[in-house]
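*Asks:* Submitted below is the structure of interest, expressed as C-alpha cells.
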Amino acid sequence: MAAYPLQKSNVYVTQPTLPPLEEFLPYLQQIWDSKMLTNGGPFHQQLEDALCQYLGVPYISLFSNGTLALMSALQTLRVTGEVITTPYSFVATAHSLVWNGIKPVFVDINPATMAMDPARIEAAITPHTTAIMPVHCYGYPCDVDAIQRIADLYGLKVIYDAAHAFAVRYRGASLLNHGDLSVLSFHATKVFNTFEGGAIISQDAKTKKRIDYLKNFGIADETTVVAPGINGKMSEINAAFGLLQLKGVAKAIDERRLRDARYREGLAHIPGVSVMTPVEGLEPNYSYFPIFIGPEYRHSRDDLFFALRARNIYARRYFYPLISDFPMYRGQASATTENLPIATRAANQVICLPMYPNLPLEQLDEIVELIANLART
Ligand SMILES: *Cc1c(COP(=O)(O)O)cnc(C)c1O
C-alpha cells in the first residue's frame, strides 16, 4: 500500500468551478448602483428567462435553496397525507415531506437507475396517498412513463426531486418537464450553482404564479395576502452569480463527460467494481460518478473508502445510510430492510468518486490505479 503516493492536495468528491472574480465585480457594481438586493430584481428575472431557455422548460421559479423549493412544491399542489418516495436520496427529500406534516412511504429502487422502482408503487398506495416524490438519482432518469401511468390511474400528483438533473435531456427534451413539478438545487456542490439556491419547474402560468406567491409570504400586492407563504426568495447576488455561472456550464459538462469516460475506461474489467450504464435516449450531465463494490472485490467498500481517504481522496458514500435508516424514519413500517433490499445493497456498496470539471486527469488516474491495485492485493 505504501507504494501509492499521497495526492499532493486533498481531492474532494466535488469542487465548484468559480469564474474569475473580476468577472463577477461588474454584476456587484450593478447591484450596488441599483440598490435592488432581492424581491425579484433584474438579475432574478434575467436568470429565470435564461434558465427557461437553456433548460428547455416553460416556467421556472427561483428559490433560496432546493429544500425550500421542495417544501413549497408540496404546498403548491396541496399535497397531504402520505407520499411515496425513495430511501436512496439526500435526506432533504423526506425531510421536505415531514415539514409539511406528510408521512413518507418508502419503496425500493431499480438497480439499473437507482431510482424508485415503479413496480413497487402500487402496493404502497393507501387511501391517504396523494402524491409520488421520485428522485432522478445521479441525473439518471426515473421511469417517467410508468410513474405517470400510475399517477393518472390513482389520481396522484408527481413531484420530481431533480436536484441531480440540471440540464439533463431525455428522448430529445428536458427531463425536467415530466411530472407536475420538478425541483432543482443550485447548492455549491451541484453541476450548476448559485452558492445556495434552487428552483421549481412548472408547466403552466397559473401554477407558476401560485409558486411565486408561496415563495414570497403569499403576497399578491401591497394589501393582499392570498396564501400562508414562506420566504424562499433568491437574492440578486445569487441570481447574478447564476447568470455568470450559466455562461460556463456547457463547457463544465463537457469537462465532466471527459472524466466520466476516463473513469469508465479505467475501471472496466476490475472484478467486483461496477458502474452505471446510461439508458437509451439520455443526454447526461455527468453530475456524479458512483461505483458499486461487490463481493468479488478483494476488500470491503469501507476498506476502499478509507484507503482512498488515507491518500487525501475524499470520495463520499452517497447514499449511505439510507434515509429510512435515520432515527426519525426507521420506525416507519416501510423503512425496513426487508422492504428495501436493493436500496440497502446499493447503500452498502456505493462510493461516489471525485467528479468535477477541474479534476486533474493525473489525479483521476491515480484514483483508478488505487482501486485496481487494491483489487489485486
Ligand atoms: C442537494 C439536494 C437537495 C437539497 O438541495 P439544497 O439546495 O441543498 O437545499 C435535495 N435533494 C437532493 C437529491 C439533493 O441532492
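Rule-based calculations on the coordinates, nothing more; no lab input. Not measured: the values here are computed from a predicted model. Every residue, glycine among them, receives a Cβ derived from its backbone with ideal geometry; neighbour counts consider all protein chains shown.
*Asks:* Can you give the extra length, in nm with one decimal, that the chain gains between V275 and A119 once fully stretched, where that is 0.36 nm per residue apart less the Cα-Cα distance? Don't skip to the end; give the middle numbers.
*Replies:* Numbers: separation 156, 0.36 × 156 = 56.16 nm, distance 2.32 nm.
So the chain would gain 53.8 nm between V275 and A119.
*Asks:* How high is the relative contact order of the chain? Use alpha-carbon pairs under 8 Å, at least six apart in sequence, and give a whole percent. Working shown, then result.
*Replies:* On the way: 755 pairs, mean separation 86.2, N = 377.
Across the chain, relative contact order equals 23 percent.
*Asks:* Let me ask something else. Please figure out what share of the DSSP beta bridges in segment 142-282 is antiparallel and state it in percent, rounded to the nearest 5. Intermediate values should be presented prior to the final figure.
*Replies:* Working: 10 of 13 bridges.
If we restrict to bridges inside segment 142-282, about 75 percent are antiparallel.
*Asks:* Order of C352, C142 from fewest to most other C-beta atoms within 10 Å? Working shown, then result.
*Replies:* Numbers: C352 19, C142 31.
Taking fewest neighbouring Cβ atoms as first place, the list is C352, C142.
*Asks:* Now, a different point. Mind listing the phi-derived Karplus ³J(HN,Hα) values for segment 217-230, rounded to whole Hz, using 6.51, -1.76 and 1.60 with θ = phi - 60°, and x for any glycine or proline?
*Replies:* Along segment 217-230, the couplings run 6, x, 6, 9, 7, 3, 10, 10, 10, 9, 7, x, x, 10 Hz.
*Asks:* Additional query: Give me the percent of DSSP beta bridges within the chain that run antiparallel, rounded to the nearest 5. Mind showing how you got there, number by number?
*Replies:* Working: 25 of 41 bridges.
In the chain, approximately 60 percent of DSSP beta bridges are antiparallel ones.
*Asks:* Which order do L47, L370, L184, L77 fall in if you start with the one that has the fewest other Cβ atoms within 10 Å? Kindly include the intermediate steps, with their values, before the conclusion.
*Replies:* Numbers: L47 26, L370 20, L184 31, L77 17.
In increasing order of surrounding Cβ atoms, one gets L77, L370, L47, L184.
*Asks:* Another one. Place a +1 charge on the Cβ of each Lys and Arg in the chain and a -1 charge on the Cβ of each Asp and Glu, then give the dipole magnitude about the Cα centre in debye, rounded to the nearest 20. Don't skip to the answer; put the middle values down first.
*Replies:* Values: 32 positive and 35 negative charges, 74 e Å.
For the chain, the charge dipole is close to 360 debye.
*Asks:* Here's another thing I want to ask about it. If you take all C-alpha pairs in the chain, what percent of them are over 29 Å apart?
*Replies:* Numbers: 30951 of 70876 pairs.
That fraction is 44 percent.
*Asks:* Also, I was wondering about something else. Looking at segment 21-244, what % of its DSSP beta bridges pair antiparallel, to the nearest 5?
*Replies:* On the way: 15 of 29 bridges.
Here the antiparallel bridges make up roughly 50 percent for segment 21-244.
*Asks:* Calculate the spin-label point distance for R149 paired with N312, positioning each point 7 Å from the Cα along the beta-carbon direction, and give it in nanometres.
*Replies:* Rounded to a tenth, the inter-label distance reads 5.2 nm.
*Asks:* Right, something else. For n ≥ 4 DSSP H runs only, could you compute -39500 (n - 2.57) per run for the chain, divide by its residues and tell me the 222 nm figure to the nearest 500?
*Replies:* Numbers: 12 runs with 137 residues, N = 377.
Calculated mean residue ellipticity at 222 nm is -11000 deg cm²/dmol.
*Asks:* So, R0 is 41 Å and r is the distance between the beta-carbons of D254 and N39; what FRET efficiency does that work out to, to 0.05?
*Replies:* Details: r = 36 Å, r/R0 = 0.87.
Approximately 0.70, to the nearest 0.05.
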